[in-house]
Structures are given as C-alpha cells and as structure tokens.
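For reference, the structure discussed in these notes is given below.
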Amino acid sequence: MNEIPDLTNTDVSQLTLADIQRRKKKLKTEIQKDSTKIEQYWRSLYQSPKQLKNTSNFANLVNIGGGAFDIILLGWKLYRKFKKKKR
C-alpha cells in the first residue's frame, strides 16, 4: 500500500484516495525540481561572463586600442582628402 501505483494501466475503480494523494505529491515534487532546473538554466543565459585573466584583459585592451587607432587614422585621411578638394 505504501508503493505508488502506476496510474497508466490501472483501473480507475481500484484506486484509493490515498494512492491519488501520494501520486499527486510525487508529481508535485517532480514539477518543483524541474522548475528549479529551468530557473537555473534561464538565469545562466543572462549572467555576465566570468572575470577574464590578466592576459585576456591585456589582449582586449590592445584590440580596442588598435581599433581606436584605425578610426583616428581613417578620420585624418578623410579630413585631408576633403580639405584639399574645397580649395
């Protein structure tokens, strides 16, 4: 009587109220476990990345600096090009 019967192949007339309550309690705990697992996965999607190592930070800084240098150089070239045409 302590074992939870499988309700898929059981005749409904043979079920007791206690069986149904135990099955309901078991399903509720399974749903709660799944809910917490889904919540953990959902939060992991929006977490900020972990702190990078010092070498990665340095490489990132060099990359950003190179990009800024390229933008400044392009701006200077365009400025000189259009400045000559106005004269």
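The values are calculated or read from the model by the stated rules, or taken from the named source; none is laboratory data. Computed from a predicted structure; not experimentally measured. Using ideal geometry, Cβ is built from the backbone for each residue, glycine included, and neighbour counts are taken over all protein chains shown.
Rundown of residues vs (1) at pLDDT 95 or above; (2) part of a helix (DSSP H, G or I); (3) not small (Gly, Ala, Ser), yes/no style:
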residue: LYS24; (1), (2), (3): yes, yes, yes
residue: LEU27; (1), (2), (3): yes, yes, yes
residue: SER35; (1), (2), (3): yes, yes, no
residue: SER44; (1), (2), (3): no, yes, no
residue: GLN47; (1), (2), (3): no, no, yes
residue: LEU52; (1), (2), (3): no, no, yes
residue: ALA59; (1), (2), (3): no, yes, no
residue: VAL62; (1), (2), (3): no, yes, yes
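Report whether or not TYR79 is out of contact with any Phe, Trp or Tyr (no Cβ under 9 Å at 6 or more places or on another chain), among the aromatic types (Phe, Trp, Tyr) and modelled with pLDDT under 85.
no
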